[in-house]
Amino acid sequence: MTTRLPALFALGLVCLSGSATLAAEANPFAGIGHFVVIYTENRSFDGLYGHFPGADGIPAEGAGPAALVPQVDRDGTVLPHLPATWEKAKADPRFPADLPNAPFEIGRFVPAGERTPDLVHRFYEEQEQINGGRNDRFVEVSDAGGLAMGFYAEGVPQMQALAKAFTLADHFHHGAFGGSFLNHIHLICACAPVFPNAPANLVADVDPATGKLVRAANSPASALQGPPVWSRNGSVTPDGFAVNTLQPTYMPYHAKSKPEERLPPQTMATIGDRLSAHKISWAWYGAGWAEAEAGRLPAYEQPEMFMPHHQPFNYFAAFAPGTPARRDHLKDGAEFEAAVRQGTLPAVAFYKPLGRDNLHPGYTDPATGDAQLTALVKLIQQSPNWHDTAIIITSDENGGTWDHVAPPKGDRFGPGVRVPTLIISPLARKGFVDHTVYDTTSILRTLEVRFGLEPLTARDASVADLRNAFVVK
């Protein structure tokens with residue numbers, strides 16, 4: 001018996017060593033010490049990268065099965081041409097009122113350094129625009145008419161250069177139908193917020209037979225005549241989910257918001273809770289946060305355009321004013337830049353630009369966002385943390401702009417259409433277009449795999465993580 005103990009002990013060491021090797025191989029992100037998630041705004045993949053070399057971009061007319069699907073009118077007939085570009089139901093004179101029924105290059109009419117009108121990007125509308133995957137009702141449902149089909153050939157040249165140098169994901173879909181509010185919440189909890197017993201004026205008027213918004217009697221019969229008019233386009237579903245923009249209970253919020261119409265504090269688990277439970281350092285950095293929280297930076301005002309609904313952790317009770325979690329994890333954008341320079345980034349950093357820099361149509365422009373984002377990437381590349389950092393730059397949602405790829409099947413909340421997503425890292429594949437199907441919760445899944453965290457919901461448990469974008473060592 002005694003002669004076998006050393007052999008058994010040696011065998012045990014071999015098994016333990018083998019287990020450690022297998023564990024390392026099973027975690028493709030083990031070499032990443034710092035994740036930086038930069039959450040931009042409101043651009044579809046085709047809208048910014050539709051002509052990117054090697055990507056699944058805007059198909060050519062007459063290209064067989066991959067040919068463009070024309071946009072249809074409200075009665076289902078093919079539109080003879082695109083309607084005018086509407087802004088508050090008035091035609092924008094910079095754009096022709098009868099462009100061909102196809103995607104068009106915005107830069108022919110409005111340079112990338114100038115603003116265009118905003119486009120509706122809400123929960124029920126996007127589902128109608130997708131139309132079962134045909135993506136042929138973007139124009140007729142939009143409040144901006146023909147602009148929904150606009151794209152930029154070279155709206156973000158510096159970001160495109162980074163995409164060519166690192167990895168561009170061309171099948172990355174935003175997580176939830178609709179706008180920024182729901183997609184920011186989705187980014188941190190893979191869930192939809194709830195608003196029990198919401199005021200009646202906040203509840204959407206939805207046809208129970210179709211699941212679509214009810215159109216008002218005075219809604220134009222054709223998209224060529226003007227944007228649709230809705231009976232009641234509320235922010236809460238009839239069964240109590242908050243899906244369109246609402247203000248938080250806690251400051252900062254819109255000064256004119258009514259207390260009874262602010263979203264009650266949410267109690268679902270977030271990625272922040274998971275990271276904290278495992279003692280993984282993290283922070284949400286919001287540009288302008290400190291001034292806004294102190295009441296010195298008004299919400300939704302030019303030139304900064306600070307957006308309270310872009311600060312998702314502020315909607316959760318665990319991060320209420322006065323809590324240690326708020327103090328330790330909700331930080332100002334200036335603190336992010338300081339941490340980058342000093343090499344003291346947490347393991348997970350979310351960064352939200354100010355509105356003026358975030359690419360959103362209506363109140364900013366692509367050229368401004370292009371310059372600000374590339375400057376931020378350059379700063380991180382000069383950081384002592386760069387050697388093991390992975391930057392993920394994605395858009396929260398498509399902003400109401402068209403994309404030709406049908407979203408994958410998910411749940412009642414999404415995912416929506418494709419958004420441009422870059423993975424920039426010394427460990428990322430170089431000059432690579434990643435065709436893997438992802439959505440916003442793939443970011444959560446990546447963090448869960450890297451740090452051994454339990455999934456938050458069925459959505460993040462089932463999506464692909466971002467391992468295909470990295471060189472596994």
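Readers should treat all values here as calculations from the given coordinates under stated rules, not as data from a laboratory. All values reported here derive from a predicted model rather than from experimental measurement. We place every Cβ from the backbone using ideal geometry, glycine too, and count neighbours over all the protein chains shown.
Let me know the shape class of region 366-421, please: from the alpha-carbon gyration tensor, a ≥ b ≥ c as square roots of the eigenvalues, rounded when a/c is under 1.5, otherwise prolate if a/b is greater than b/c, or oblate. It comes out oblate by the Cα gyration axes.
Here the mean projected area of the convex hull built on the C-alpha positions of region 424-473 is 3.8 nm².
Mind jotting down a quarter of the surface of the convex hull over the alpha carbons of region 178-316, in square nanometres, one decimal?
10.9 nm²
Under the criterion of Cα pairs below 8 Å and six or more residues apart, the relative contact order for region 196-348 equals 20 percent. Ordering HIS254, HIS171, HIS387, HIS309 from the fewest to the most neighbouring beta carbons within 10 Å gives HIS387, HIS254, HIS171, HIS309. All Cα-Cα separations within the chain were binned at 20 Å from zero, giving a P(r) of 24, 56, 16, 3, 0, each value a whole percent of the pairs.
Calculated FRET efficiency, SER281 to LYS378, Cβ-Cβ distance, R0 = 35 Å: about 0.90 to the nearest 0.05.
Using R0 = 25 Å, the C-beta based FRET efficiency linking ALA406 and THR210 works out to 0.80.
Which of rounded, prolate, oblate describes region 102-195, given a ≥ b ≥ c as roots of the alpha-carbon gyration tensor eigenvalues and a/c under 1.5 marking rounded, otherwise prolate only if a/b is larger than b/c? Because a/c hits 1.5 or more and a/b fails to exceed b/c, region 102-195 counts as oblate. Shape analysis of region 343-471 yields a ratio of the Cα radius of gyration to the Kirkwood radius, Rg/Rh, of 0.96.
Given their separation in residues at 0.36 nm each and the Cα-Cα distance between them, TYR300 and ARG134 gain 56.3 nm when the chain is fully extended.
With respect to the chain, whose longest principal axis is taken over its alpha-carbon atoms, helix 5-26 is tilted by about 20°.
FRET efficiency for the pair ALA338 and ASP98, taken as 1/(1 + (r/R0)^6) with r the Cβ-Cβ distance and R0 = 45 Å, rounds to 0.30. The phi torsions of region 40-50, fed into the Karplus equation with coefficients 6.51, -1.76 and 1.60 and a -60° offset, translate into couplings of 8, 9, 6, 9, 7, 4, 4, x, 10, 10, x Hz, rounded to whole numbers, with Gly and Pro shown as x.
Dividing the summed -39500 (n - 2.57) terms of all DSSP H runs of n ≥ 4 by the residue count of the chain sets its mean residue ellipticity at 222 nm at -7000 deg cm²/dmol. Computed from backbone phi with θ = phi - 60° and the Karplus coefficients 6.51, -1.76 and 1.60, the 3J(HN,Hα) list for region 205-213 is 8, 10, 6, x, 7, 10, x, 9, 4 Hz; x is used for glycine and proline. Here the contact order of the chain, divided by its residue count and restricted to Cα pairs under 8 Å and six or more residues apart, works out to 27 percent. Put the Cα centre of region 168-232 next to the Cα centre of region 361-414 and the gap is 22 Å.
Only Cα pairs under 8 Å and 6+ residues apart enter the sum, and on that basis the relative contact order of region 373-423 stands at 40 percent. Label sites at ALA255 and ASN218, each approximated as a point 7 angstrom past Cα along Cα to Cβ, lie 3.1 nm apart.
For the listed residue pairs LYS352/LYS378; LYS88/LYS256; LYS279/LYS331; LYS352/LYS409, the alpha carbons are over 24 angstrom apart in LYS352/LYS409. Phi angles across region 310-319 convert, under the Karplus curve 6.51 cos²θ - 1.76 cosθ + 1.60 with θ = phi - 60°, into 3J(HN,Hα) values of 9, 10, x, 5, 5, 8, 10, 4, 5, 10 Hz, Gly and Pro given as x.
Loop-located trypsin sites (Lys or Arg not before Pro) across region 88-171 with a Cβ neighbour count of 11 or fewer within 10 Å are LYS88, with loop assigned by DSSP.
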